[in-house]
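Only the coordinates and a few stated rules stand behind these numbers; no lab work does. A quick note: this is a predicted structure, and the numbers were derived from the prediction, not measured. Glycine also receives a Cβ, built like all others from the backbone with ideal geometry; neighbour counts cover every protein chain displayed.
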Amino acid sequence: MTCDLDKKETPATTSVEIGYGKRRFVLDLCAKHQEEVETKMQSFISAASGTRRPAVHTTTRRPRERRARPETAPTSPSLAEIRAWAKTQGYQVADRGRIAAEVTAAYEAAVS
């Protein structure tokens, strides 16, 4: 993860959450930019009047980690595939509606 405010590929050391209006933002920051943001925010916070709403503040937390997406998710067979297989195996299945659990189990056993 890199710093959102640096044009180089500087690694981020922290994530800062900032609220403005009804929106919330998360910035991934290197140490230099974290200090800069906190200094600038302090001048706004000290000038602001109090409110009963939860305070808008910066929170320092570990940088968020991006999860790798699985290459392909396993897919279950379509009902049409199960029906076609069942008919070739001699099972009586309707063209529409529910397929009997025993037919589905037999299909899964056959293709595994």
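Measure off 7 Å from each Cα along the Cα-to-Cβ vector at Ala80 and Thr39, then give the distance between these two points in nanometres to one decimal. My value for the distance between the label points is 6.4 nm. Net charge near Ser46, counting Lys/Arg +1 and Asp/Glu -1 over other residues with Cβ under 15 Å of its Cβ? For residues surrounding Ser46, the net value is 0.
The gain in end-to-end length when the Glu17 to Gln89 segment is fully stretched comes to 20.0 nm, 0.36 nm per residue minus the alpha carbon separation.
Other residues within the sphere of radius under 11 Å centred on the Cβ of Val103, judged by their own Cβ, net out at +1 (K and R +1, D and E -1).
Output the direction-averaged projected area (hull surface divided by four) of the convex hull of the alpha-carbon atoms of region 3-54, in nm².
Details: hull surface 16.5 nm².
Across all orientations, region 3-54 yields a mean hull projection of 4.1 nm².
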